[in-house]
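All remarks here apply to the structure that follows.
The values are calculated or read from the model by the stated rules, or taken from the named source; none is laboratory data. Fair warning: this is a prediction, and the values are worked out from it, not measured in the lab. Positions of Cβ are generated from backbone atoms using ideal geometry, with glycine treated the same way; all protein chains shown enter the neighbour counts.
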């Protein structure tokens, strides 16, 4: 009986010091005006570090972007900005994704380190190699993650 109690106490001690698993937080759906494009997904921050500036050691963003505009020459754009710590300052790293396949979701995964904040925009516009200034600067960016203080 003592052996079983000792094993249960040891198991409880191990479980007490096991860090909790980080759950994925869902984001979206975010839509372009007129619902012509849509994006949604999950974000998983791992390891909060607040030595100098608050950041997550690593952030994984997964999701889909769907072009919902009927004209063949129209594409959906997802623009993401990651505020990343570099020494004692933040710099923005941008990721952009284009989908011109009507109603066929395009999947993506982005993994970055030392992330303070993640924000995004969803646009729909004429097919081009890069998003327009209108897509980039009109409207508001949606914040989907900020490292807690």
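So here's what we get for this one:
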item	result
Residue within the stretch 90-104 that is touching a residue at least 12 places away in the same chain (Cβ under 8 Å), exposed (fewer than 12 other Cβ atoms within 10 Å of the Cβ) and more than 19 Å from residue 29 (Cβ to Cβ) present	yes
Whichever residue in the stretch 111-120 is within 11 Å of the chain's Cα centre (by Cα) and more than 28 Å from residue 70 (Cα to Cα) and, among such residues, is surrounded by the fewest Cβ atoms within 10 Å (Cβ to Cβ)	111
Among (1) touching a helix residue (DSSP H, G or I) at 6+ places or on another chain (Cβ under 6 Å); (2) not in a strand (DSSP E or B), the one test that residue 77 misses	(2)
Scan of the stretch 70-89 for residues that are closer than 18 Å to residue 118 by Cα and surrounded by 13 or more Cβ atoms within 10 Å (Cβ to Cβ), ordered by number	77, 78, 79, 80, 81, 82, 83, 84, 85
Those residues of the stretch 121-135 which are assigned to a loop (DSSP other than H, G, I, E, B), within 23 Å of the chain's Cα centre (by Cα) and touching a residue at least 12 places away in the same chain (Cβ under 8 Å), in sequence order	130, 131
Number of the exception - residue 148 against (1) surrounded by fewer than 12 Cβ atoms within 10 Å (Cβ to Cβ); (2) under 18 Å from residue 43 (Cα atoms); (3) modelled with pLDDT of 95 or more	(3)
Residue count for the stretch 129-140, restricted to those that are at pLDDT 95 or above and surrounded by 13 or more Cβ atoms within 10 Å (Cβ to Cβ)	4
